[in-house]
Amino acid sequence: MNVRSAQTYWLENQSVPNAARTTPILQPHTSCDVLIMGGGITGALVAYELHRAGIDTVLIDKRTLGRGSTAASTALIQYEIDVPLHQLIQQVGEQDAVLAYKLCLWAIYKLRDIVGRLDTRCGFNQKHSLYYAAKADDIDMLREEYEARAKYGFQVAWLDRQAIKAQFGFDAPGGILSQEAAELDAMDLTQALYRYLIDRGLRVFEETTAEEIDYGFKRARIRTNHDTEIFARKIVYATGYETQQMMQRDQAAYADALKLKSTYALVTEPLANMPEALRRSLIWDTDEPYFYARTARDNRLMLGGEDEWVVDAAERDAMIPQKQEKLLKKINELFPDVEAKPHLTWAGTFAETQDGLPYIGEHERYPHSYFALGFGGNGITFSITAANIIRNLFQNGDCNYGGMFRFGR
């Protein structure tokens, strides 16, 4: 599956060399406790958690590391899920909805701790986050969301039109200012994690595909495209949006629970006059699809949104020029004094679920397997949660809060 445009900002601006320079040769017969399939950011975070727990782990990827959807990520690190908290409570109940938000908040600080162990900061910057009304009709919804977050202890403040103008310099009817968010360089983080893990003994094999899987009785046997075999007690599928294709091929239940769409992102040329508010905060609006902005290296802005229900790669990428113009128009409407000129625009295909939550854990169709599928706009924070759940499942056979992310919920 073609999950992104050929070039993205992270691929163009890798500040560190490829992680896999020390990857060993895949032996004819390899055994491990856990085989992770997928070498993007999700696979890296799961591998980090398992390896630190002393679980013998092998990871394979059909590409080179981080060259799938990770390379298209804009890496806004937020606890806000695509479905607002007050709406999620109506969908899944108060306990699970609040816990899902709390887990994403915990993941921000867990990520900060992980970055602190690596050989680069990965562009990690803690930020505030402004969720603002795109139009006056959205104020009632946004107020209800503010009250729900405040009720459950999230650090939020309500900003009226005057406060947004004073603090951010643009006009909006109102918004929620959250104290806890971050941004980072998705590719730097992925490569730094693999360097860290490979240096400590993780076995990683690029350009390696699972041609055949025999789930067996006590362990799985995986035959690769190199005519080698890997034996694993458990398989972790960290294959992101491409997982749906596998499930549809296998006629597995819940294969159609995901909806695929494409999104667009743009990074500007370096700005001479970066708005100070954007140095402090991520911003995103209530529009459908929503628009967002963050900073990037060298005094640039990264803009995103303009989602379309398009999956075909050629059709998706043909829309890049018009999406570029729309994204630039939106930032110029907010900040007329900012001379934002496009440097690079790209597209990526992603999946979302009805409740905005990931799928994590076991699937009845796939024995000896766990899934780590962090869909929607919270892929990185969901991946950290998935890593923790999967470690608990492997070590203890259960996880107290994993049920809310199960298939068939």
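Can you work out which of the residues in segment 227-272 that are farther than 21 Å from R316 by Cβ, under 25 Å from the mean Cα position of the chain (by Cα) and among the small types (G, A, S) is surrounded by the fewest Cβ atoms within 10 Å (Cβ to Cβ)?
A253
From A172, A157, A166, which residue is assigned to a loop (DSSP other than H, G, I, E, B) and either modelled with pLDDT of 95 or more or of a type in the set (V, I, T) (or both)?
One residue alone meets the criteria, A172.
Applying the selection to segment 201-227, what residues are in a loop (DSSP other than H, G, I, E, B) and touching a helix residue (DSSP H, G or I) at 6+ places or on another chain (Cβ under 7 Å)?
Within segment 201-227, L202, E206 meet the criteria.
Applying the selection to segment 177-201, what residues are more than 30 Å from G153 (Cβ to Cβ), surrounded by fewer than 24 Cβ atoms within 10 Å (Cβ to Cβ) and not aromatic (F, W, Y)?
Residues satisfying the conditions are A192, R195, L197, I198, D199, R200, G201.
Between residues in segment 56-82 that are not assigned by TED's automatic domain parsing to the domain that holds Y152 and in a loop (DSSP other than H, G, I, E, B) and residues that are buried (at least 24 other Cβ atoms within 10 Å of the Cβ) and among the acidic types (D, E), which pairs lie under 7 Å by C-beta distance while being six or more apart or on different chains?
Partner pairs satisfying both residue conditions: A75/D185.
So which strands (runs of 3 or more DSSP E) stay within segment 295-409 end to end and still have 3 or more residues that are in contact (Cβ under 8 Å) with a residue 60 or more places away in the chain?
Filter on segment 295-409 gives 342-352, 366-373.
Conditions (1) under 22 Å from G376 (Cβ atoms); (2) at pLDDT 95 or above; (3) crowded, with 18+ Cβ neighbours inside 10 Å, marked per residue:
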{"residue": "M302", "(1), (2), (3)": "yes, yes, yes"}
{"residue": "G305", "(1), (2), (3)": "yes, yes, yes"}
{"residue": "A318", "(1), (2), (3)": "no, yes, no"}
{"residue": "K323", "(1), (2), (3)": "yes, yes, yes"}
{"residue": "K326", "(1), (2), (3)": "yes, yes, no"}
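Hey, can you tell me all the residues within segment 239-280 that are under 22 Å from G348 (Cα atoms), assigned to a helix (DSSP H, G or I) and either in contact (Cβ under 8 Å) with a residue 40 or more places away in the chain or touching a Pro at 6+ places or on another chain (Cβ under 8 Å) (or both)?
Answer for segment 239-280, where residues must be under 22 Å from G348 (Cα atoms), assigned to a helix (DSSP H, G or I) and either in contact (Cβ under 8 Å) with a residue 40 or more places away in the chain or touching a Pro at 6+ places or on another chain (Cβ under 8 Å) (or both): G240, Y241, E242, T243, Q244, Q245, M247, A257.
Taking segment 341-388 on its own, how many of its residues are under 24 Å from P289 (Cβ atoms), modelled with pLDDT of 95 or more and surrounded by fewer than 21 Cβ atoms within 10 Å (Cβ to Cβ)?
So the answer is 4.
Can you tell me which residue within segment 127-154, out of those that are without any contact (Cβ under 8 Å) to a residue 60 or more places away in the chain and surrounded by 15 or more Cβ atoms within 10 Å (Cβ to Cβ), is nearest to M404 (Cα to Cα)?
Once the filter is applied, the top-ranked residue is Y146.
The values are calculated or read from the model by the stated rules, or taken from the named source; none is laboratory data. What you are looking at is a predicted structure, and each value in this text was computed from that prediction instead of being measured. Don't worry about glycine lacking a Cβ; one is built from the backbone with ideal geometry, like all the others, and counts go over all protein chains shown.
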